[in-house]
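Everything on this sheet refers to the single structure shown next.
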Amino acid sequence: QKEVEQNSGPLSVPEGAIASLNCTYSDRGSQSFFWYRQYSGKSPELIMSIYSNGDKEDGRFTAQLNKASQYVSLLIRDSQPSDSATYLCAAQEGQGFSFIFGKGTRLLVKP
Amino acid sequence: DAGITQSPRHKVTETGTPVTLRCHQTENHRYMYWYRQDPGHGLRLIHYSYGVKDTDKGEVSDGYSVSRSKTEDFLLTLESATSSQTSVYFCAITDGGGTDTQYFGPGTRLTVL
């Protein structure tokens, strides 16, 4: 059973701090990885995609990928209360066209 | 925002009745997916399509069927709804053109009494 594992949280950080979200995946064939943000009652929206080992930065967000360790992370700098949401990590299956999602980590940013 | 709509957005039905949910996209993307999302389980794939009339089962396909007669429409049918199918259903699309980024529709909240 291919899986993506995330800590369910909640992860609580003060406003202005760095939030660090992590996930691990089991499918060694996966090459594409994604972070989605989901507000309560809304659909997931894409924040970042990453395909190569290393870091990828986009504004306040940095995604990190380590394929050897099968580990993906998302850093959110200068966290804002509006960042409070559930963050979903996803991996595209190595063979096929489907995606495997983690159960999500709930982030709370306190003013 | 990706051009994905779902209908209906909310539905309440009774056990044993058939239900069809519709996903419509205006992006001309090849791949379409149906997920359900439940507390404690996250997003789980029900069925997906990789082209017109080409579909495949996902992780939780029992009790569901799908059809795709046009590129833009992907239908999910619950032949005989059960209370365990009460959930939020999301449609997603991917262009399969290399980035393979999935975009989600707004969701349908289904309650089976």
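Some points to look at:
- Whole-Hz ³J(HN,Hα) from phi, Karplus 6.51 cos²θ - 1.76 cosθ + 1.60, for region A:29-45, glycine and proline x: x, 5, 10, 10, 9, 9, 10, 10, 10, 9, 7, 4, x, 10, 8, x, 10
- Each label was represented as a point 7 Å from its Cα along the Cα-to-Cβ direction; for A:GLU57 and B:THR111 these points are 4.8 nm apart.
- Cysteines in the protein assembly as shown that, by Cβ-Cβ distance, have no pairing candidate under 4.7 Å: none
- A Cβ-based charge dipole, computed about the Cα centre of region A:1-56 with Lys and Arg at +1 and Asp and Glu at -1, lands at about 120 debye.
- ³J(HN,Hα) computed for each position of region B:77-88 - Karplus, 6.51 cos²θ - 1.76 cosθ + 1.60, integer Hz, glycine/proline x: 10, 9, 5, 8, 4, 10, 4, 6, 9, 5, 5, 9
- The dipole here belongs to region B:28-113: it is taken about the Cα centre, uses +1 on the Cβ of Lys and Arg and -1 on the Cβ of Asp and Glu, and is about 120 debye.
- Greater than 26 Å apart at Cα, pairs in A:LYS2/B:LYS11; A:LYS2/A:LYS67; A:LYS103/B:LYS57: A:LYS2/B:LYS11
- By the count of neighbouring beta-carbon atoms within 10 Å, fewest first, A:ILE18, A:ILE50, B:ILE4, B:ILE93 end up ordered A:ILE18, A:ILE50, B:ILE4, B:ILE93.
- For region A:25-85, trypsin sites (Lys or Arg not before Pro) meeting the loop criterion (DSSP other than H, G, I, E, B) and having at most 11 other Cβ atoms within 10 Å: A:ARG28.
- Bridges between two residues of chain A, per DSSP, are antiparallel at a rate of about 90%.
- Remark: the Cα gyration tensor places region B:1-70 in the rounded category, a/c being less than 1.5.
- When the charge dipole of chain A is built from unit charges on Cβ atoms (+1 for Lys and Arg, -1 for Asp and Glu) and taken about the Cα centre, the candidate among A:GLN95, A:TYR51, A:VAL4 whose Cα reaches farthest toward its positive end is A:VAL4.
- Value of relative contact order over chain B, rounded to a whole percent, pairs C-alpha under 8 Å and six or more apart: 35 percent
- Zone of A:PHE97's modelled label, taken as backbone nitrogen in region B:31-70 under 15 Å from a point 7 Å along Cα→Cβ: B:31-35, B:46-58, B:66-70
- For B:HIS47, the amide hydrogen comes within under 5 Å of the amide hydrogens of B:TRP34, B:GLY58, counting only partners 5 or more places away or on other chains and with H modelled in the peptide plane.
- Two-site label geometry, A:GLN80 and A:LYS110: point separation in nm, points 7 Å out along Cα→Cβ: 2.1 nm
FYI, it's all coordinate maths here, none of it is from the lab. Computed from a predicted model, the values in this text were never measured in an experiment. FYI the Cβ positions are ideal-geometry reconstructions off the backbone, even for glycines, and counts take in every protein chain you see.
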